[in-house]
1. When you scan region 63-179 for strands (runs of 3 or more DSSP E) that lie fully inside it, which ones turn up with 3 or more residues that are closer than 30 Å to residue 24 by Cβ and either touching a residue at least 12 places away in the same chain (Cβ under 8 Å) or out of contact with any strand residue (DSSP E or B) (no Cβ under 9 Å at 6 or more places or on another chain) (or both)?
2. Does residue 256 satisfy being out of contact with any strand residue (DSSP E or B) (no Cβ under 6 Å at 6 or more places or on another chain), in a helix (DSSP H, G or I) and outside the structural domain of residue 160 (by TED's automatic domain parsing)?
3. Can you name every residue in region 266-295 that is at pLDDT 95 or above and part of a strand (DSSP E or B)?
4. Here is a list of conditions, (1) touching a helix residue (DSSP H, G or I) at 6+ places or on another chain (Cβ under 8 Å); (2) free of Cβ contacts under 8 Å to residues at least 40 places away in the same chain; (3) loosely packed, with under 15 Cβ neighbours inside 10 Å, and residue 206 meets all of them except one; can you say which number that is?
């Protein structure tokens, strides 16, 4: 079985999509509308923008969403079809678009607004803790009184991202290294994404998403919030919008997502986007047993 997986923020680089823009049957006819929605030329930003600008959340998200979609278009044109779809944070929008929940342009509208709202949350920071199990990270946070920090990403069994107030992130470095972490890497972001600090952003995004309708899933998509498939019965609006809103302030359950897919028999994971960040993660994530634990 095959899964397509779409990367999120952090996978962007100058020049991404270079081999895709001109060869896309989808992009050319829509380019002017795409740029109108984004507020800038996505092609020019991806190919010629400086790294600092391209790394800004409100710029990264629409650029990466579009390049991910072009990667998916190329895979589909080559006859590759997935049994499952998943995306890391922003990439989940590509997974839902590939599953037919909304079209490319409406997905872009959502992503543009999501990036703007997230970029406006200018407090806190994030750091990756390497080589320390998540239970040990939680125990260390409690032991050192760092209760304002949240687990933001479960990327692999050896890589967990924490988020919260900048001062607490600074204090956490010595605490995590003292607890046995192999490394503590502060991430170049301007806020504490996927944490309780994003609750106001989630509320604003909820209001915005109420202006969209959602279609039934044509393929199963794994939610970052639950690490399980989006519900495929009932009203798509009720099933999809709340999870997209919750995703902004919830931990990204990437390792459990891949563990679930492996347990379901997926053996081929195709990264539909620039780079190979997710592919490298997949190799480090074991299948889940029936009780939900790592095998």
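The values are calculated or read from the model by the stated rules, or taken from the named source; none is laboratory data. Please read these numbers as outputs of a predicted model, since none were measured by experiment. Neighbour counts are summed over all protein chains in view; Cβ atoms, including those assigned to glycine, are modelled from backbone coordinates with ideal geometry.
1. 84-87
2. Yes: the conditions hold for residue 256.
3. Correct list: 268, 269, 270, 271.
4. Among (1) touching a helix residue (DSSP H, G or I) at 6+ places or on another chain (Cβ under 8 Å); (2) free of Cβ contacts under 8 Å to residues at least 40 places away in the same chain; (3) loosely packed, with under 15 Cβ neighbours inside 10 Å, residue 206 violates only (3).
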